[in-house]
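Asks: My structure is below; once you've seen it, I'll send some questions.
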Amino acid sequence: PEMQHTRIEILTWGVRNMKKFQLSAINNPSIEIECGGVVQSTNKIKNAKKNPNFDTSSLFFDVYLPIEELYMPPLNIRLLDHRTFGLKPLWAPTRYSALKITDGT
């Protein structure tokens with residue numbers, strides 16, 4: 001398929017009302033976003049109970065995506081919790097497959 005250079009912007013403000021996962025509270029979450037083989041991640045939140053906001057409010061990344069919607073890859077969003085001993089359980093995987101390219105106007 002014919003491809004075009006595309007810039008994606010994702011707003012990442014923070015997390016709220018997170019339920020326990022594997023019997024532990026989610027304290028140090030981060031988000032990974034993947035589209036077309038390109039992965040971007042937020043910094044982890046140091047303490048989600050005190051301040052549930054991410055350091056930066058948006059992620060930008062450039063990818064080559066097909067012009068035709070039929071061939072558009074999904075946008076994968078994963079929420080990870082950074083725990084002791086280097087564990088990073090995947091808490092909330094989400095796949096969004098209805099991407100559309102707009103001209104920005």
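The values are calculated or read from the model by the stated rules, or taken from the named source; none is laboratory data. Please read all numbers here as calculations on a predicted model, not as lab measurements. Backbone-built Cβ (ideal geometry, glycine too); neighbour counts: all protein chains shown. Surface accessibility is based on the protein's heavy atoms, side chains included, excluding ligands, DNA and RNA. Shrake-Rupley method; radii C 1.70, N 1.55, O 1.52, S 1.80 Å.
Asks: Just for segment 44-94: of the residues that are acidic (Asp, Glu) and not in a loop (DSSP other than H, G, I, E, B), which one is modelled with the highest pLDDT?
Replies: 62
Asks: Regarding segment 98-105, can at least one residue be identified that is hydrophobic (A, V, I, L, M, F, W, C) and out of contact with any strand residue (DSSP E or B) (no Cβ under 7 Å at 6 or more places or on another chain)?
Replies: Within segment 98-105, one or more residues are hydrophobic (A, V, I, L, M, F, W, C) and out of contact with any strand residue (DSSP E or B) (no Cβ under 7 Å at 6 or more places or on another chain).
Asks: What is the residue count in segment 59-79 for residues that are surrounded by 14 or more Cβ atoms within 10 Å (Cβ to Cβ), over 10 Å from residue 1 (Cβ atoms) and in contact with a Lys or Arg (Cβ under 9 Å, 6 or more places away or on another chain)?
Replies: 6
Asks: Could you list all residues from segment 25-51 that are within 13 Å of residue 91 (Cβ to Cβ) and open to solvent by 30 Å² or more (accessible area, probe 1.4 Å)?
Replies: Residues satisfying the conditions are 25, 27, 28, 32, 44.
Asks: Taking the residues in segment 10-24 that are in a loop (DSSP other than H, G, I, E, B) and open to solvent by less than 40 Å² (accessible area, probe 1.4 Å) as candidates, determine which candidate is farthest from residue 88 (Cα to Cα).
Replies: My answer is 12.
Asks: Out of all the residues in segment 1-54, which are over 18 Å from the mean Cα position of the chain (by Cα) and under 25 Å from residue 65 (Cα atoms)?
Replies: Within segment 1-54, 1, 2, 3, 4, 5 qualify.
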